[in-house]
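To start, the structure under review is shown below, and the notes come after it.
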Amino acid sequence: MNKSRIEAFTDAIIAIIATIMVLEFKTPETYHLSGIIEELPYLFAYATSFAFILVAWYNHHYMFSIAERITKKIYWVNNLWLFSMSLIPVSTAWVGEYVDKTVPELFYFFVFLVWSIAYLWLSHEIVKALATSSKEKALQIQNMSANRLLSNKYLLLALATAALLTFVFPPIMIIATAIELIIMGISTPADGDQLY
C-alpha cells in the first residue's frame with residue numbers, strides 16, 4: 001500500500017479534528033474579562049487535547065517515516081487509531097462544559113485509553129512489518145518514549161488511580177492527562193527532525 005497516501009489521509013483527518021475542536025470554543029458574550037474567564041475550563045481542556053493531537057501526530061509521523069511498507073493490517077489499525085482520535089472533540093467539549101463532573105471526565109479517560117491501545121497496536125504492527133527487513137528500525141520504534149510510556153504498568157496504575165479519584169475530584173483526569181502529554185511531548189524522539 002502506498003505509504004504517502006496513508007500519511008496524507010491521516011494528516012487530513014487530524015487537521016479536521018483539530019479544526020472541529022477549536023470551533024467548539026465559544027466567543028464570550030461580553031467584552032468584560034469575566035467572559036473569557038468563564039471559558040477557562042474549556043480553554044484548559046482544549047489546550048490539553050490540542051497537545052494530545054500534536055504529540056500523537058509527531059509520534060505517528062516518526063513511526064511512518066521509519067516504516068518501509070504499509071500492510072493491510074497497518075492500514076486498518078491506523079483507521080482505528082484515527083477513529084479514536086476523532087472522539088477527542090466530543091470528549092473535550094464535554095469536559096470543558098462540565099469540568100467538575102465525573103462522567104465527562106471518565107469519558108475523556110475512555111477516549112484516551114482507546115487511543116492509547118490503538119496507538120500501541122499500530123506501533124506493534126509497524127514493528128512486526130519491519131522485523132524481517134530491518135531489525136534496527138523495528139527496535140527504533142519499540143524504543144520510542146511514547147511506546148515505553150504507554151506500555152508502562154506504572155502509568156496504567158497511575159491512570160487507574162486517577163480514574164478512581166475522579167469520583168472525588170473530577171478534574172483530576174484532565175490534569176493527569178495534561179501531565180502525561182507534557183512528559184510525552186518533552187520526550188519525543190530526538191532524531192525526529194532528521195527524518196523525512
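The values are calculated or read from the model by the stated rules, or taken from the named source; none is laboratory data. Everything quoted here is computed from the prediction, not taken from an experiment. Because the Cβ atoms are built from the backbone with ideal geometry, glycine has one as well, and the counts that use them run over all protein chains shown.
Within the stretch 87-105, track down each residue that is over 12 Å from the mean Cα position of the chain (by Cα), of a type in the set (A, V, I, L, M) and buried (at least 16 other Cβ atoms within 10 Å of the Cβ).
Val90, Ala93, Val95, Val99
Would you check if there is a residue in the stretch 162-171 being part of a helix (DSSP H, G or I), at pLDDT 90 or above and either farther than 19 Å from Trp57 by Cα or hydroxyl-bearing (Ser, Thr, Tyr) (or both)?
The initial filter retains those residues of the stretch 162-171 that are part of a helix (DSSP H, G or I), namely 162-165.
Checking which are at pLDDT 90 or above leaves us with 164-165.
From the residues that got through so far, the ones that are either farther than 19 Å from Trp57 by Cα or hydroxyl-bearing (Ser, Thr, Tyr) (or both) too are 164-165.
Yes, because at least one residue in the stretch 162-171 is part of a helix (DSSP H, G or I), at pLDDT 90 or above and either farther than 19 Å from Trp57 by Cα or hydroxyl-bearing (Ser, Thr, Tyr) (or both).
Would you confirm, using the coordinates I've provided, whether Glu180 is among the acidic types (Asp, Glu) and more than 22 Å from Val99 (Cα to Cα)? Quick ask: steps written out before the conclusion?
Values: among the acidic types (Asp, Glu): yes; more than 22 Å from Val99 (Cα to Cα): no.
Answer is no for this residue.
Take the stretch 18-70 and flag every residue that is out of contact with any Pro (no Cβ under 8 Å at 6 or more places or on another chain), of a type outside the set (Ser, Thr, Tyr) and not in a helix (DSSP H, G or I).
Correct list: Phe25, Lys26, Pro28, Glu29, His32, Ala67, Glu68, Arg69, Ile70.
Just wondering, is there one or more residues in the stretch 123-135 that are of a type in the set (Lys, Arg) and either at positive phi or under 21 Å from the mean Cα position of the chain (by Cα) (or both)?
Of the stretch 123-135, the ones of a type in the set (Lys, Arg) are 128, 135.
Next, only the ones that are either at positive phi or under 21 Å from the mean Cα position of the chain (by Cα) (or both) stay: none.
No; the residues of the stretch 123-135 include none that is of a type in the set (Lys, Arg) and either at positive phi or under 21 Å from the mean Cα position of the chain (by Cα) (or both).
Restricting the search to the stretch 75-86, which residues are touching a residue at least 60 places away in the same chain (Cβ under 8 Å) and surrounded by fewer than 23 Cβ atoms within 10 Å (Cβ to Cβ)? Quick ask: steps written out before the conclusion?
Narrowing the stretch 75-86 to residues touching a residue at least 60 places away in the same chain (Cβ under 8 Å): 75, 78, 82, 85-86.
Matches in the stretch 75-86: Tyr75, Leu82, Ser86.
Does the stretch 136-159 hold any residues that are loosely packed, with under 12 Cβ neighbours inside 10 Å and in a helix (DSSP H, G or I), and which are they?
Taking the stretch 136-159 as the starting set, the residues that turn out to be loosely packed, with under 12 Cβ neighbours inside 10 Å are 136, 143, 152-154, 157.
Within the stretch 136-159, Glu136, Lys153, Tyr154, Leu157 qualify.
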